[in-house]
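Nothing in this text is a laboratory measurement; each read-out follows from the coordinates by a stated rule. Note that the coordinates shown come from a computational prediction; the quantities given were computed from them, not determined experimentally. With ideal geometry, Cβ positions are generated from the backbone for all residues, glycine too; neighbour counts draw on all protein chains shown.
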Amino acid sequence: MSVFELISSEKSFARKWIGHAKLNEYGLHKARIRLADACLAARRFQDLGTPANFGTFLRDGIVALPNYLPTDAFTAIKKEALESFAAAADTYPIVGNTVRKGFGDKQPFPGGFDRYDGGTLNRFLDITEEKTPACFKFASALGISQLYRKAAGTIRRPGKFQLYQTVHGDDGANPDNQKLLHRDTFHSAVKLWYFFKDVEPEHGPLDYVVGSHKMNDKRLKWEHQKSVRASSGRPGVTQGGAFRATPADLRYMGLPQPTSFPVKANTLVIADIRGFHRRGHAETHSERLGIYANFRPFPFSPVRC
Ligand SMILES: [Fe+2]
């Protein structure tokens, strides 16, 4: 890729320009963060509305909205979704993974795919107007909801909403890297989860460091240090752009330790995944069932599109 990769959403320090050691020493990574933040602020400013709960999202980087749908609508969508999960499990039985380590490849099947994080299964099923009309209607409405649009600074829908089943494996046998605290992106981006069943502490609820989506001097310094290391070319240093944070890192940045977000069924969670987060620890074979979407806006557009 050319030098234009610097104004893309690309984050890997394996890239020629993003991973340029000298430029990062001079503050390239911090500059990309600052520019992306300025563009997001401009895009949000163009959206004159202030939807309910946006203030909480802006302050915390995460908001959980219980009782999101009226009971009748929730009952209908849940029935449809659970039938879809059951049908998929009948045809494509869920099996554990104790062999392949780390972030696995997609294993497609008609109507969806499986992907493993260590021993944790992520099963995604397509939502279509024909097969899952209630879920389709819900996803369509969510994709144009004011809160989502303001949070993401966009008028575009997420590329895809999917039914999402998480089945936890045995972390002792095959660790799940998503259970390590990290942030996904250098710029703000949004993930949405809507749950069909209660997510209890033993089901691995999302852990999120409240307020960690924001930049301050110490966070920028930490980001800079991480970028210098990631672009150093030293053997054994990961070049991925999803930086991990330790409890000591959080203390250095003046951030709290992670908060667990167990939620009731019929709760919508929206999070800015520039904030530090992880999949919570869970009992082996426990599961979460929901609808999922993520949206990574083009970070360097000052115009809402
Ligand atoms: Fe993540």
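Mind giving me the FRET efficiency for residue 260 and residue 35? R0 is 25 Å, r the Cβ-Cβ distance, nearest 0.05 is fine.
In this case the efficiency is close to 0.15.
Could you tell me the relative contact order of the chain? Use alpha-carbon pairs under 8 Å, at least six residues apart, and round to a whole percent.
Once divided by the residue count of the chain, the mean separation gives 32 percent.
Relative contact order of segment 1-83: what whole-number percent is it, with Cα pairs under 8 angstrom and at least 6 residues apart?
Worked out over segment 1-83, it gives 13 percent.
Rounded, prolate or oblate, given the Cα gyration tensor of segment 69-155, with a/c below 1.5 counting as rounded?
It comes out oblate by the Cα gyration axes.
What's the local net charge at residue 48, with K and R +1, D and E -1, over the other residues with C-beta under 15 Å away?
Overall, the nearby charge balance is +4.
Counting other beta carbons within 10 Å of each residue's own, what order do 193, 17 fall into, fewest first?
17, 193
If packing is taken as the average count of other Cβ atoms within 10 Å, what order do 63-70, 180-187 fall into, highest mean first?
Highest-to-lowest ranking by the protection proxy: 180-187, 63-70.
Quick one: what are the phi-derived ³J(HN,Hα) couplings along segment 226-240, Karplus 6.51/-1.76/1.60 with θ = phi - 60°, whole Hz, x for glycine and proline?
5, 5, 5, 5, 5, 9, 6, x, 5, x, x, 8, 5, 9, x
Scan around residue 263 for amide H atoms under 5 Å from its own, H built in the peptide plane at 1.01 Å from N, and keep only partners 5 or more places away or cross-chain.
Those lying under 5 Å, H to H, from residue 263 are 199.
Mind sorting 260, 227, 9 by how few other Cβ atoms lie within 10 Å of their own Cβ, fewest first?
260, 9, 227
Straight-line reach only, C-alpha to C-alpha below 22 angstrom: list the lysines that residue 137 could link to, leaving out same-chain residues fewer than 8 apart.
Hits, sequence-local ones excluded: 78, 79, 150, 160, 191, 197, 264.
With n ≥ 4 as the cut-off for DSSP H runs, can you work out [θ] at 222 nm for the chain, using -39500 (n - 2.57) per run divided by the number of residues, rounded to the nearest 500?
-9000 deg cm²/dmol, from helical runs alone.
Output ³J(HN,Hα) for segment 134-143: one whole-Hz value per residue in order, computed from phi by the Karplus curve 6.51 cos²θ - 1.76 cosθ + 1.60 with θ = phi - 60°, and x for Gly and Pro.
5, 5, 4, 5, 4, 5, 4, 5, 5, x
Using mean Cβ contacts within 10 Å as the protection proxy, how do 264-272, 83-91 order, highest first?
264-272, 83-91
Skipping prolines and chain starts, which residues have an amide H placed within reach, meaning under 5 Å, of the one on residue 61, given they are 5 or more residues away or on another chain?
211
Where a Cα-Cα gap under 23 Å defines reach, which lysines qualify for residue 16, not counting those fewer than 8 residues away within the same chain?
Output for residue 16: 30, 221, 226.
If you plug each phi of segment 279-288 into the Karplus form 6.51 cos²θ - 1.76 cosθ + 1.60 with θ = phi - 60°, what whole-Hz ³J(HN,Hα) values come out, in order, with x for Gly and Pro?
Karplus values, whole Hz, x for Gly and Pro: 6, x, 5, 9, 6, 4, 6, 6, 9, 10.
Could I have the simple spin-label model distance between residue 128 and residue 23, label points 7 Å from Cα toward Cβ, reported in nm to one decimal?
Reported label-point gap for residue 128 and residue 23 is 4.3 nm.
Classify segment 1-108 as rounded, prolate or oblate, taking a ≥ b ≥ c as the square roots of the eigenvalues of its Cα gyration tensor: rounded when a/c is under 1.5, otherwise prolate if a/b is larger than b/c and oblate if not.
Oblate is the answer for segment 1-108, as a/c is 1.5 or above yet b/c matches or exceeds a/b.
Taking H as built 1.01 Å from N, whose amide H comes closer than 5 Å to the amide H of residue 116, not counting residues under 5 places away?
For residue 116, whose amide H was placed from the backbone, the distant partners under 5 Å are 104, 105, 122.
Need the C-alpha centroid separation for segment 94-155 versus segment 162-204, integer Å.
12
Could you line up 121, 23, 163, 48 from fewest to most neighbouring Cβ atoms inside 10 Å?
Fewest to most other Cβ atoms nearby, the residues stand as 48, 23, 121, 163.
Between residue 285 and residue 305, take the C-beta separation as r, use R0 = 51 Å, and let me know the FRET efficiency to the nearest 0.05.
0.70
By how many nm would the segment from residue 246 to residue 103 grow when fully extended, if each residue of separation counts as 0.36 nm and the alpha-carbon distance is taken off?
Taking 0.36 nm per residue and subtracting the Cα distance, the gain is 49.5 nm.
Say R0 is 22 Å: what FRET efficiency, to the nearest 0.05, do residue 71 and residue 180 get from their beta-carbon distance?
After rounding to 0.05, the efficiency reads 0.05.
Could you pull out every one of the aspartates and glutamates with an alpha carbon less than 19 Å from that of residue 179, ignoring same-chain neighbours closer than 8 positions?
105, 114, 117, 170, 171, 200, 202, 207, 249, 272, 283, 287
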